[in-house]
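Heads up, the thing below is written out as structure tokens.
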Amino acid sequence: MERSVPTRASEEIDLYIRTIYSLLRSTTRVRIRSLEEVHASMNSSLHPFARQDTPDISSFIYANLRLPDCMPDVKAVLLGQSATVFRQSGYPTVEIWEEVTARARRRRCFYDGESLLACYIASRSDIDDVIPMLTAYQIEWNKLHQSLESLSDAEFEKRFSKENNQTQSLADILRISPEELGRLRTIWGDHFKTMLLRIRQQKLDLEIQLLSGSINEYRRATRFWWENIQDKYPDIRNRPVYFISSNTHSIPNLLTGFALTQKERLTDFIKQAGDNTLLEEWQDISQEEVPSRPENFLYYILKKYQATKEGEDLVNGQAAYEKNYGIKRILSEHAFDIEAQVIALSELNPETIDPRLTPEVFAGQHTDWSFLEDSDALILNIDYPLGLAAYNLLVKIAEHTCPMLGIYVMGKAATLNGRRGDVMIPNVTYDEHSHNTFLYNNCFTAGDVSPYLVYGTVLDNQKSVSVLGTYLQNARVMEVIYREGYTDIEMEAGPYLSGVSELFRPTRHPSDEIVNLYGLPFDFGILHYASDTPLTKGENLGAGTLSYFGVDSTYATSLAILRRIMQNEYDRVKKLD
């Protein structure tokens with residue numbers, strides 16, 4: 001019998017969480033500086049050098065990429081579940097404020113143009129994510145401020161002018177390495193000097209206020225989200241559903257092949273863009289000198305091209321194309337930011353579906369796509385939520401759809417025994433929220449993914465841990481987790497499994513138990529691709545990104561899910577004949 005991971009491996013993290021929620025009970029704003037000491041004391045794996053006088057640039061960049069660009073002007077951050085909560089709290093017009101986004105975190109935020117940032121939260125996991133991130137951001141900002149504040153205006157201009165190429169000298173002023181200076185230049189681009197000037201001019205003293213923390217408000221926000229989908233696609237209540245939690249691009253790309261119809265324009269863009277790395281990669285793919293798939297590369301380039309003036313027309317072009325072939329995108333309104341896509345299998349165009357999804361792959365050499373014409377099933381694909389929101393969403397979806405034919409979860413994770421780009425397939429999950437250890441039959445094995453994974457390795461029969469937040473881990477926790485054989489660290493599998501247990505058992509999900517989920521009446525699978533290696537000290541996604549090679553694992557896992565759905569639907573339709 002599996003042993004549970006100790007429910008609390010770190011007293012420092014426990015203290016940090018208790019401090020956060022005790023402060024948030026206040027009816028007024030509280031200062032982030034109240035959390036700095038307890039934050040530093042937990043020795044977070046994402047912020048290992050919080051106590052040092054020198055800046056922890058990896059942690060600063062990690063937080064920077066997950067907060068809106070308006071943060072230098074923000075004085076207070078307001079958290080609430082919906083427009084209703086903000087209105088009842090005296091902020092009736094937040095949705096006409098400027099909507100702002102972060103580059104590496106989906107969260108609906110509105111900036112009042114002066115000093116307030118309003119953020120919609122979907123569950124307490126957003127609190128566990130936002131507050132440590134703001135604290136890390138402030139700590140590291142103020143370290144850089146301390147490095148720069150003694151410079152006079154003239155000295156600052158001289159040191160950080162465009163003509164000054166003395167990288168080592170500039171790095172020495174900031175007390176960081178030249179490599180870290182280069183990463184700051186990369187994320188800030190043309191705003192590099194402006195950002196450093198802002199840091200020099202002001203010491204950060206952020207405030208935070210939770211407007212409502214009730215479970216009822218999270219449920220209400222989830223109901224708003226689901227009713228929006230029902231209103232825009234009423235038939236979803238009456239048709240069989242395959243549920244996927246993944247992203248907004250890979251599933252539609254594979255099912256419509258839109259990028260493949262634009263191959264000529266996209267290849268011309270690669271040649272003209274001036275990115276030698278991408279051009280060389282495309283040439284190697286075209287000449288079959290590397291095993292990468294051209295389809296994956298074109299999907300990747302499409303998004304880049306659409307972000308340019310020349311490619312703007314393909315944004316609407318893709319939307320119209322997808323709509324014409326059975327894919328309806330539904331943006332969330334008045335609540336948290338999770339896009340949904342409803343996909344009617346019978347309306348797909350077999351001629352443009354990704355060639356790796358041909359029926360011969362899953363149904364035999366003499367089978368074509370004709371079975372789709374007889375399918376009444378839908379795919380509901382949602383942009384994967386953060387933490388506990390996964391439980392709220394799945395329970396609400398299952399309440400209003402029947403039958404649920406399959407549940408497939410795909411997302412990023414940290415790996416303790418692999419490398420970035422690897423794929424982990426767990427069949428045991430410990431959930432830090434419920435303190436349950438879930439045992440289940442994952443419908444996927446390494447053989448389902450490895451034929452489509454070029455750069456990484458597939459590791460099945462793994463054990464995952466669903467943690468409370470990315471910052472809420474330290475070396476002691478990692479040691480305990482790894483010693484118990486858990487190698488896959490993420491945030492959504494446990495909450496999803498709590499929801500699955502309620503779809504299977506007659507009681508609410510338990511706590512502090514070993515939960516056997518074998519024999520589910522629907523198909524179930526989890527796939528994680530590695531985006532982080534936390535045992536590499538000081539290295540995280542602030543120190544680098546998956547870049548193009550992350551596309552490899554994204555599409556390998558997406559293909560495995562869609563092949564599974566198509567196989568199941570083929571079998572189901574044939575039985576109904």
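The values are calculated or read from the model by the stated rules, or taken from the named source; none is laboratory data. Please read all numbers here as calculations on a predicted model, not as lab measurements. FYI the Cβ positions are ideal-geometry reconstructions off the backbone, even for glycines, and counts take in every protein chain you see.
Quick notes on this one:
- Looking only at region 445-494, and only at residues there that are part of a strand (DSSP E or B) and of a type in the set (A, V, I, L, M), the one that is surrounded by the fewest Cβ atoms within 10 Å (Cβ to Cβ): Leu459
- Residues located in region 95-137, provided they are in a helix (DSSP H, G or I), closer than 30 Å to Glu432 by Cβ and not charged (D, E, K, R): Ser125, Ile127, Val130, Ile131, Pro132, Met133, Leu134, Thr135, Ala136, Tyr137
- Qualifying residue in region 76-93 (condition: under 29 Å from Glu333 (Cα atoms) and charged (D, E, K, R)): yes
- Any chance Leu15 is of a type in the set (A, V, I, L, M, F, W, C), assigned by TED's automatic domain parsing to the domain that holds Gly182, in contact (Cβ under 8 Å) with a residue 12 or more places away in the chain and surrounded by fewer than 16 Cβ atoms within 10 Å (Cβ to Cβ): yes
- Residue in region 223-239 that is part of a strand (DSSP E or B) and assigned by TED's automatic domain parsing to the domain that holds Tyr384 present: no
- Pick from region 310-347, criterion assigned to a helix (DSSP H, G or I) and in contact with an Asp or Glu (Cβ under 9 Å, 6 or more places away or on another chain), ranking: farthest from Thr248 (Cα to Cα): Ser346
- Subset of region 175-199 that is in a helix (DSSP H, G or I) and basic (Lys, Arg) - its residue that is surrounded by the fewest Cβ atoms within 10 Å (Cβ to Cβ): Arg185
Condition check ((1) within 27 Å of Glu347 (Cβ to Cβ); (2) of a type in the set (Val, Ile, Thr); (3) surrounded by fewer than 23 Cβ atoms within 10 Å (Cβ to Cβ); (4) modelled with pLDDT of 95 or more) across all residues:
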| position | (1), (2), (3), (4) |
| --- | --- |
| Ala377 | yes, no, yes, yes |
| Ile382 | yes, yes, no, yes |
| Ala389 | no, no, no, yes |
| Leu393 | yes, no, no, yes |
| His400 | yes, no, yes, yes |
| Met404 | yes, no, yes, yes |
| Val409 | yes, yes, no, yes |
| Lys412 | no, no, yes, no |
| Thr415 | no, yes, no, no |
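- Candidates Lys271, Lys263, filtered to the one that is modelled with pLDDT of 90 or more and farther than 16 Å from Val551 by Cβ: Lys263
- Flag for Gly257 being on the phi > 0 side of the Ramachandran plot and assigned by TED's automatic domain parsing to the domain that holds Ile139: no
- Residue that is surrounded by the fewest Cβ atoms within 10 Å (Cβ to Cβ), among those in region 240-278 that are of a type in the set (S, T, N, Q) and part of a strand (DSSP E or B): Ser246
- Candidates Pro68, Pro48, Pro92 - the one that is in a loop (DSSP other than H, G, I, E, B) and either touching a Cys at 6+ places or on another chain (Cβ under 8 Å) or on the phi > 0 side of the Ramachandran plot (or both): Pro68
- Within region 147-164, tally of residues that are in a helix (DSSP H, G or I) and touching a residue at least 12 places away in the same chain (Cβ under 8 Å): 4
- Residues within region 420-436 that are buried (at least 23 other Cβ atoms within 10 Å of the Cβ) and within 17 Å of Leu520 (Cα to Cα), tallied: 2
- Candidates Ile121, Ile139, filtered to the one that is in contact with a Phe, Trp or Tyr (Cβ under 9 Å, 6 or more places away or on another chain), within 21 Å of His47 (Cβ to Cβ) and of a type outside the set (Phe, Trp, Tyr): Ile139
- Enumeration of residues in region 279-295 that are assigned to a loop (DSSP other than H, G, I, E, B) and hydroxyl-bearing (Ser, Thr, Tyr): Ser292
- Considering Pro521, Pro506, Pro510, the condition of being touching a helix residue (DSSP H, G or I) at 6+ places or on another chain (Cβ under 8 Å), at negative phi and free of Cβ contacts under 8 Å to residues at least 40 places away in the same chain is satisfied by Pro521 alone.
- Exactly one residue out of Pro72, Pro68, Pro55 is closer than 20 Å to Ile187 by Cβ and in contact with a strand residue (DSSP E or B) (Cβ under 6 Å, 6 or more places away or on another chain), and it is Pro68.
- Some residue of region 61-70 being touching a Phe, Trp or Tyr at 6+ places or on another chain (Cβ under 7 Å), in contact (Cβ under 8 Å) with a residue 12 or more places away in the chain, surrounded by fewer than 22 Cβ atoms within 10 Å (Cβ to Cβ) and closer than 19 Å to Arg200 by Cα: yes
- The residues on offer are Glu289, Glu281, Glu264, and the sole one that is in the same structural domain as Tyr529 (by TED's automatic domain parsing) and under 27 Å from Ile327 (Cβ atoms) is Glu264.
- Number of the exception - Thr84 against (1) modelled with pLDDT of 95 or more; (2) not in a strand (DSSP E or B): (1)
- For region 501-527, the set of residues classified as within 17 Å of Ser123 (Cβ to Cβ) and either at pLDDT 95 or above or in contact with a Lys or Arg (Cβ under 9 Å, 6 or more places away or on another chain) (or both) consists of Glu502 only.
- Scan of region 200-222 for residues that are surrounded by 16 or more Cβ atoms within 10 Å (Cβ to Cβ) and part of a helix (DSSP H, G or I), ordered by number: Arg200, Glu217, Tyr218, Arg220, Ala221, Thr222
- Of the candidates Phe438, Phe444, the single residue that is over 24 Å from Leu468 (Cα atoms), hydrophobic (A, V, I, L, M, F, W, C) and assigned by TED's automatic domain parsing to the domain that holds Ile514 is Phe444.
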